[in-house]
Amino acid sequence: MEPNNYSETLNKDRAGFLLEVERVRKTFPGVVALDNVQLKVRPGTVHALMGENGAGKSTLMKIIAGVYIPDQGEVRLNGKTLHLHGPLGALEAGIAMIHQELNLMPYMTIAENIWIRREPLNAFGMVNHDRMNRMTETLFERLGIDMDPEMDVRRLTVAGRQMIEIAKAVSYESDVLIMDEPTSSLADREVEHLFRIINDLRAQGKGIIYITHKMDEVFEIADDISVFRDGQFIHSAAASDMTSDEIIKLMVGREVTQMFPKEEVPIGDVVLSVDSLSLDGVFENISFEVRAGEILGLAGLVGSGRTNVAETLFGVTPPSSGRIVIDGKEEVISSPHQAMLRGLALLTEDRKETGLFLGLSVIENMEMAVLRDGYTRATFVEQHRLDQECDSMTERLSVKTPSMDERIGNLSGGNQQKVLIGRWLMTKPRILILDEPTRGIDVGAKAEIHKLITELVRNGVAVIMISSELPEVLGMSDRIMVMHEGRVTGFLDRSEANQVNIMELASAPVQPPVAHD
Amino acid sequence: MATNTESTQHLEVPKKRKRKLPTEVSIFLVLIGIALLFEVLGWAIRGDSFLMNPRRLLIMILQVSIIGIIAIGVTQVIITGGIDLSSGSVLALTAMVTASFAQQSDYLRAVYPALTDLPWVLPLLAGLLVGALAGLVNGALIAFAMIPPFIATLGMMVSARGMARAYTDGQPVSMLTDQFTWIGSGANPVIIFLAVAVFFHIALKYTRYGKYTYAIGANPQAARVSGINVRRHLVLVYSIAGLLAGLAGVVAAARAGTGQAGMGMMYELDAIAAAVIGGTSLAGGVGRIAGTVIGAMILGVMLSGFTFLGVDAYYQDIIKGAIIVAAVVVDQYRQRKRNKTT
């Protein structure tokens with residue numbers, strides 16, 4: 001670890017730190033998750049935490065928020081050492097955390113979710129719902145959120161729920177607010193909204209710890225940046241003193257030269273063409289075609305129906321009308337199995353929900369999709385042959401795992417994603433649909449996945465790529481289809497597309513973030 | 001320091017973990033431990049050996065066999081993330097039906113001269129069919145009518161018991177043919193139990209059927225998106241569980257020489273207990289037949305041991321309940337240790 005210039009750069013303008021973490025060490029059975037780590041947050045600043053997945057950022061945040069108890073070291077808030085025994089203690093001390101996973105109760109109202117455990121009571125000790133709703137409205141007014149406090153949380157989109165999580169954390173009036181990738185499910189407009197809220201909190205003198213993988217966000221919002229790698233504190237400095245290349249270099253410990261290795265490959269015949277595809281109440285009149293060797297980017301805000309189109313193509317939710325033509329032949333796809341038989345593959349948006357078998361091993365996760373077709377003799381799975389193919393796929397994707405029998409839950413996000421991609425590549429798809437292929441994974445793995453996509457189109461695979469990250473869509477796609485509220489609002493060619501015209505097509509009049517279903 | 005080691009930290013750990021004993025071994029050690037405890041208590045309290053008594057051991061395994069056969073089906077259901085509460089009642093229903101096909105014709109031949117004893121295969125098939133049908137209904141309700149497994153099989157538990165009673169107006173069906181009762185004689189139930197166990201152990205481990213079963217329990221949505229026909233597979237698993245409850249009913253009727261509507265009372269709970277003690281997780285995705293077999297043996301050893309020591313049946317139940325809960329506590333602890341993440 002290099003000696004850092006932290007104290008010189010930061011102590012100059014302010015002596016008192018709001019939150020100080022020193023010499024923190026945390027081990028899990030066999031793994032050192034954090035080793036002698038430090039973090040110092042000034043009041044009235046946004047402190048960004050950067051690092052690849054597995055660098056220890058989330059572990060450190062969980063220690064600060066009282067979820068984990070450190071083996072060594074101490075956490076000081078306003079100069080006083082904290083002895084936390086649980087998240088409640090942290091909340092009471094003045095530290096609130098917005099977790100990466102959403103922790104809301106779907107069948108309770110927005111107000112009930114926000115004020116849980118702190119419900120205003122009436123004289124009889126019963127919950128005073130009127131007052132609770134008024135408190136929610138006041139809070140929403142302050143944050144500029146336009147939602148009905150009495151609405152059930154299950155009716156909100158992921159983005160809407162994320163905003164509720166944020167409002168809930170703010171409602172604790174904590175000194176320190178921890179945000180663990182708060183924007184991973186937000187569209188650009190909602191991100192702006194979040195940043196307004198953050199700026200507000202900063203002006204009130206709060207300290208905000210902000211974890212993200214998105215470089216542009218860091219420079220937009222952060223005052224200070226701390227970089228972690230492999231459970232170690234690497235460097236800390238003011239954001240204005242760092243460049244994104246420097247940060248990436250510190251994060252990965254090597255240089256990542258090209259993020260989007262776009263390569264012009266010959267584009268072949270139309271493989272998939274979709275004609276006025278509709279799913280009642282979700283999307284309508286979707287028409288497009290994809291050619292062999294082409295990457296069709298699918299852009300749009302969260303909730304625009306991008307994912308629904310992908311799921312319909314793959315037979316998860318069969319369409320209510322419209323035609324799907326593959327290789328010039330009209331096909332009816334009413335289940336994922338039928339889609340697979342026709343050469344389609346879908347890497348789903350949500351790794352944990354619809355991708356991984358978390359309790360199962362790496363190999364069990366990888367082999368699952370090909371078990372249908374072949375690989376069995378007299379009903380017995382040809383495990384030996386499968387083992388070999390999975391091994392070579394693991395090597396090809398450079399999945400880092402101690403063994404094929406390791407539980408996939410113990411791998412980092414990037415490696416989990418590679419295993420899932422491997423699952424689909426083993427089916428030898430001709431049309432590959434990738435829904436957020438690089439969400440929440442680190443820079444190194446991201447670049448590798450982009451390289452892999454390029455390699456696939458070179459071999460004539462038609463790729464449909466959904467992504468909320470505009471640079472990714474712009475960098476990888478040959479053509480971009482933009483959706484808004486279940487309709488296609490335009491196609492852009494690689495040469496003409498930029499962030500501005502995509503966003504123009506993707507955005508529309510303000511509407512409350514209610515789920516389409 | 002530690003700059004270009006990338007993820008070596010992550011690499012070192014699990015290799016150690018891999019060398020850890022499989023869960024079955026630790027459960028097996030528990031079984032041995034309990035047996036030895038009874039041995040010691042036996043000498044201390046009764047001045048007699050618990051284990052050195054082949055007759056007692058045979059009876060013990062025989063008692064375990066019927067619950068064990070059910071538990072093998074129930075284990076598979078639990079691995080898919082479901083539950084089957086109907087197996088005890090289905091056992092009773094199939095015992096009634098199978099017995100009615102296996103009655104001696106001596107008496108009635110006076111009235112109906114054409115009547116003959118049916119060969120043993122017919123009652124066996126009838127029993128299996130009834131069991132499989134009950135399971136099929138369970139599976140269809142769960143997979144297609146989207147009724148939670150707990151409710152669907154609770155309904156079947158009540159209905160099947162009612163059907164067992166209604167079938168003969170509550171009268172037992174006795175005077176079964178020797179051919180048929182042979183199925184339950186001697187060590188045959190044990191042989192059937194172990195054969196079924198081996199069969200499904202292999203099916204779960206080495207066939208597509210098994211892999212899909214685990215996948216559905218681990219993440220039904222991911223299973224569906226991987227091209228697995230989740231509904232059809234669930235119906236299959238519940239049907240197999242019903243079939244095995246039916247087989248248990250046949251064996252029980254053959255061994256008792258009679259079919260009675262009160263048979264198999266609470267067996268579903270013993271079967272679930274055997275699976276859980278054997279390491280099957282009620283959360284789904286985890287479990288092995290070998291564990292369930294040992295789990296069933298633990299229940300058997302306890303029953304036999306307490307009886308041997310003269311412990312009152314009521315107290316036996318109290319202790320049994322505690323052991324079931326303890327097994328789950330241990331399982332939860334193990335899971336939490338497994339789920340360490342950064």
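Things to note:
- Considering the conditions (1) touching an Asp or Glu at 6+ places or on another chain (Cβ under 9 Å); (2) within 21 Å of residue B:206 (Cβ to Cβ); (3) more than 10 Å from chain B (Cβ to nearest Cβ), residue A:377 is excluded by exactly one of them, (1).
- Selection count, the range A:398-441, where residues are away from chain B (no Cβ under 13 Å), open to solvent by less than 10 Å² (accessible area, probe 1.4 Å) and modelled with pLDDT under 90: 2
- Qualifying residue in the range A:328-348 (condition: away from every other protein chain (no Cβ under 13 Å), more than 28 Å from the chain's Cα centre (by Cα) and closer than 24 Å to residue B:232 by Cβ): yes
- Test for residue A:220: is it within 25 Å of residue A:436 (Cα to Cα), modelled with pLDDT of 90 or more and assigned to a strand (DSSP E or B): no
- Exactly one residue among A:166, A:209 is of a type in the set (Val, Ile, Thr), in contact with a strand residue (DSSP E or B) (Cβ under 9 Å, 6 or more places away or on another chain) and either assigned to a helix (DSSP H, G or I) or open to solvent by 10 Å² or more (accessible area, probe 1.4 Å) (or both), and that residue is A:166.
- Tallying residues that are in a strand (DSSP E or B) and either open to solvent by less than 70 Å² (accessible area, probe 1.4 Å) or of a type in the set (Phe, Trp, Tyr) (or both) within the range A:475-492 yields 11.
- Cβ-Cβ under 6 Å pairs, at least 6 apart or on other chains, the range A:72-99 side without any contact (Cβ under 8 Å) to a residue 24 or more places away in the chain, far side open to solvent by 50 Å² or more (accessible area, probe 1.4 Å) and outside any strand (DSSP E or B): A:87/A:67
- The range B:1-51: number of residues that are outside any loop (DSSP other than H, G, I, E, B) and either more than 13 Å from every other protein chain (Cβ to nearest Cβ) or at pLDDT 50 or above (or both): 24
- Selection within the range A:361-377 - open to solvent by 10 Å² or more (accessible area, probe 1.4 Å), assigned to a loop (DSSP other than H, G, I, E, B) and touching a residue at least 24 places away in the same chain (Cβ under 8 Å): A:372, A:373
- Residue A:278 being in contact (Cβ under 8 Å) with a residue 40 or more places away in the chain, more than 14 Å from chain B (Cβ to nearest Cβ), hydroxyl-bearing (Ser, Thr, Tyr) and over 25 Å from residue A:472 (Cα atoms): yes
Yes or no, residue by residue, for (1) of a type outside the set (Val, Ile, Thr); (2) open to solvent by 10 Å² or more (accessible area, probe 1.4 Å):
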{"site": "A:134", "(1), (2)": "yes, yes"}
{"site": "A:151", "(1), (2)": "yes, yes"}
{"site": "A:159", "(1), (2)": "yes, no"}
{"site": "A:191", "(1), (2)": "no, yes"}
{"site": "A:194", "(1), (2)": "yes, no"}
{"site": "A:200", "(1), (2)": "yes, yes"}
{"site": "A:203", "(1), (2)": "yes, yes"}
{"site": "A:213", "(1), (2)": "yes, yes"}
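- Considering the range A:384-397, and only residues there that are polar (S, T, N, Q) and more than 21 Å from residue B:222 (Cα to Cα), the residue that is most open to solvent (accessible area, probe 1.4 Å) turns out to be A:388.
- Residue within the range B:56-73 that is modelled with pLDDT of 90 or more and within 30 Å of residue A:399 (Cα to Cα) present: no
- Filtered residues of the range B:201-231 (kept if under 22 Å from residue B:289 (Cβ atoms), facing another protein chain (nearest Cβ under 8 Å), among the basic types (Lys, Arg) and open to solvent by 40 Å² or more (accessible area, probe 1.4 Å)): B:208
- Taking the criterion of being farther than 13 Å from residue A:352 by Cα and in contact with a strand residue (DSSP E or B) (Cβ under 7 Å, 6 or more places away or on another chain), the residues of the range A:400-418 that qualify are A:404, A:405, A:406, A:407.
- Enumeration of residues in the range A:305-320 that are touching a helix residue (DSSP H, G or I) at 6+ places or on another chain (Cβ under 7 Å) and among the hydroxyl-bearing types (Ser, Thr, Tyr): A:317
- Within the range B:162-175, tally of residues that are in a helix (DSSP H, G or I) and open to solvent by less than 90 Å² (accessible area, probe 1.4 Å): 3
- Residue among A:119, A:74 that alone is more than 28 Å from the chain's Cα centre (by Cα), farther than 27 Å from residue A:229 by Cα and among the charged types (D, E, K, R): A:119
- Scope the range B:283-323; condition away from chain A (no Cβ under 14 Å), open to solvent by 10 Å² or more (accessible area, probe 1.4 Å) and in contact with an Asp or Glu (Cβ under 7 Å, 6 or more places away or on another chain); matching residues: B:290, B:294, B:299
- The range B:266-282: number of residues that are in a loop (DSSP other than H, G, I, E, B), within 18 Å of residue B:326 (Cβ to Cβ) and open to solvent by 20 Å² or more (accessible area, probe 1.4 Å): 1
The values are calculated or read from the model by the stated rules, or taken from the named source; none is laboratory data. Owing to the predicted nature of the structure, the values given are computational and were not obtained by experimental measurement. Virtual Cβ from ideal backbone geometry, glycine too; neighbours counted across all protein chains shown. Just so you know, the surface numbers come from the protein's heavy atoms only, side chains and all, with ligands and any DNA or RNA stripped out. Shrake-Rupley method; radii C 1.70, N 1.55, O 1.52, S 1.80 Å.
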